[in-house]
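Working notes, structure below.
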Amino acid sequence: MSQARAALELASGQGRVVGPAGLLSLEGLLEQQPAARLEPFVDQLVGPLAASDADRGTEHISTLRSFLTNNGSLQATARAQYLHVNTVRHRLARVRDLTGRDPLVFADRVALAIALWAHDRRAPG
C-alpha cells in the first residue's frame, strides 16, 4: 500500500488529517498491514477474551482496553474503571491465563494492543 493511501486510511479511521509523521506510529504501521496478517492476533488474543466475556459476563476486554489507554498504569486503570487496583491485577492475570500474554510485560502488551486494534477494524460480519 502506498504511503498516501496508508495516510488516507489512517486519517479516515482517526477522523483527522494525517501527514507523513502520522505513518510513523503504531497505528500508521498497522494501517499498512493486510488484514489477513493481523487475523492471528485477533483470533488468538482477542478471541479467548471475547469468549470469556460472553460466556461468563467478565470484562476482560474493557479492562485491557482501559489498561492500554492508560499506558499500562494499574492505578489509572482502576480509577477509570471504578475498581480496586487488586481487581485490575486479577483481571489482567486472567488475560494472561486466557491468552498466554502478560499485559504487564511490554512486548506482550504491544501484541495485545495490536490484537485489539485489528479487532476494532475488522469488517463486520
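The values are calculated or read from the model by the stated rules, or taken from the named source; none is laboratory data. What you are looking at is a predicted structure, and each value in this text was computed from that prediction instead of being measured. Counting neighbours? That spans all protein chains shown, and the Cβs are built from the backbone with ideal geometry, glycine included. Areas reflect the complete protein model, heavy atoms only, side chains present, ligands, DNA and RNA absent. Shrake-Rupley method; radii C 1.70, N 1.55, O 1.52, S 1.80 Å.
Within the range 31-46, one or more residues are open to solvent by 30 Å² or more (accessible area, probe 1.4 Å), of a type outside the set (Asp, Glu), in a helix (DSSP H, G or I) and at pLDDT 95 or above. Considering only the range 77-100, I want to know if a residue exists there that is within 22 Å of Ser25 (Cα to Cα) and over 11 Å from the mean Cα position of the chain (by Cα). No, because not a single residue in the range 77-100 is within 22 Å of Ser25 (Cα to Cα) and over 11 Å from the mean Cα position of the chain (by Cα).
Inside the range 62-77, residues that are open to solvent by less than 30 Å² (accessible area, probe 1.4 Å) and not small (Gly, Ala, Ser) make up a count of 5.
Scanning the range 78-98 for residues that are of a type in the set (Ser, Thr, Tyr) and either modelled with pLDDT under 95 or surrounded by 14 or more Cβ atoms within 10 Å (Cβ to Cβ) (or both) returns a single hit, Thr87. Screening the candidates Ala115, Ala78 for the property of being free of Cβ contacts under 8 Å to residues at least 12 places away in the same chain, in a helix (DSSP H, G or I) and among the small types (Gly, Ala, Ser) yields one hit, Ala78. Which of (1) charged (D, E, K, R); (2) touching a His at 6+ places or on another chain (Cβ under 7 Å); (3) at pLDDT below 85 does Glu27 not meet, given it meets every other one? Condition (2) is where Glu27 drops out. Among residues that are modelled with pLDDT under 85 and over 14 Å from the mean Cα position of the chain (by Cα), Ala7 is included.
When the range 52-67 is filtered for residues that are closer than 18 Å to Tyr82 by Cβ and either of a type outside the set (D, E, K, R) or in contact with a Pro (Cβ under 9 Å, 6 or more places away or on another chain) (or both), the ones remaining, listed by number, are Gly57, Thr58, His60, Ile61, Ser62, Thr63, Leu64, Ser66, Phe67. A Cβ distance below 6 Å, combined with a sequence gap of six or more or placement on separate chains, defines the contacts here; from the range 84-101, residues that are within 10 Å of Leu74 (Cβ to Cβ) reach residues that are of a type in the set (Val, Ile, Thr) in the pairs Val88/Thr77.
As a summary of the residue check, Arg101 satisfies the conditions (1) open to solvent by 80 Å² or more (accessible area, probe 1.4 Å); (2) part of a helix (DSSP H, G or I); (3) not hydrophobic (A, V, I, L, M, F, W, C) except for the one numbered (2).
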